[in-house]
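Please read the structure below before turning to the comments.
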């Protein structure tokens with residue numbers, strides 16, 4: 001069974017996507033003797049244009065937004081487990097599993113939603129969001145590697161009528177835990193930098209150069225995180 005987490009980020013807002021199971025997902029094959037494997041796919045960027053008078057339900061803009069940039073910090077994982085103990089209670093078994101292998105694949109699809117009346121300033125502002133997401137994604141592989149390494153060897157409880165059901169239950173719990181850890185670092189940071197960038201540019205309505213606003217947003221985020229640690 002393969003596990004999928006989708007971490008979704010919207011301009012000005014950030015949402016944690018639904019956790020789901022995906023039985024046919026292709027993930028990296030295990031390297032011989034390698035307990036943790038992380039593959040990061042290149043960002044996939046597309047631009048879509050909509051009618052500013054009638055955006056349609058598929059366009060994820062809110063309120064008075066003129067445009068939006070939508071991305072998903074997608075996290076796919078294949079989990080290897082070892083059963084270390086089991087206990088029966090009627091027809092239900094409770095199994096204890098140790099995490100023995102984790103193969104992770106990271107993806108970053110980005111969509112710039114621009115109105116048919118888009119001007120240069122608005123286009124550059126939305127592209128600034130793309131740059132922020134891609135810069136954060138640049139460090140995602142190391143974060144996923146560390147988090148998977150930390151989870152390796154931990155034990156999880158799974159319940160079911162047989163071993164397979166118990167494994168599926170445990171994998172769901174492991175996937176949710178990985179989703180929480182990855183989202184806490186990647187998504188929370190993306191949400192913060194995006195908001196600081198919008199503050200610096202007044203959501204694209206002032207004349208602050210995009211590259212300066214991006215650097216200011218990352219610097220402010222770094223200072224805020226530094227303050228919190230102390």
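The values are calculated or read from the model by the stated rules, or taken from the named source; none is laboratory data. The structure displayed is predicted, hence computed values, not measured ones. FYI the Cβ positions are ideal-geometry reconstructions off the backbone, even for glycines, and counts take in every protein chain you see.
Below, the figures for the structure above:
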quantity: Filtered residues of the range 86-96 (kept if at pLDDT 95 or above and either in a loop (DSSP other than H, G, I, E, B) or over 12 Å from residue 162 (Cα atoms) (or both)); calculated: 96
quantity: Close pairs from the range 136-163: first without any contact (Cβ under 8 Å) to a residue 60 or more places away in the chain, partner surrounded by 17 or more Cβ atoms within 10 Å (Cβ to Cβ) and part of a strand (DSSP E or B), Cβ under 6 Å, at least 6 apart; calculated: 151/99; 154/99
quantity: Scope the range 89-108; condition more than 30 Å from residue 39 (Cβ to Cβ) and in contact with a strand residue (DSSP E or B) (Cβ under 8 Å, 6 or more places away or on another chain); matching residues; calculated: 92, 93, 94
quantity: Residue check, residue 201 surrounded by 13 or more Cβ atoms within 10 Å (Cβ to Cβ), within 30 Å of residue 54 (Cβ to Cβ) and within 19 Å of the chain's Cα centre (by Cα); calculated: no
quantity: All helices (runs of 4 or more DSSP H) inside the range 115-221 with 3 or more residues being under 25 Å from residue 69 (Cα atoms) and touching a strand residue (DSSP E or B) at 6+ places or on another chain (Cβ under 6 Å); calculated: 120-137, 140-151
quantity: Residue 7, sole failed condition from (1) buried (at least 17 other Cβ atoms within 10 Å of the Cβ); (2) in contact with a helix residue (DSSP H, G or I) (Cβ under 7 Å, 6 or more places away or on another chain); (3) at pLDDT 90 or above; calculated: (3)
quantity: Residue 78 vs. criteria assigned to a strand (DSSP E or B), at pLDDT 90 or above and over 13 Å from the mean Cα position of the chain (by Cα); calculated: yes
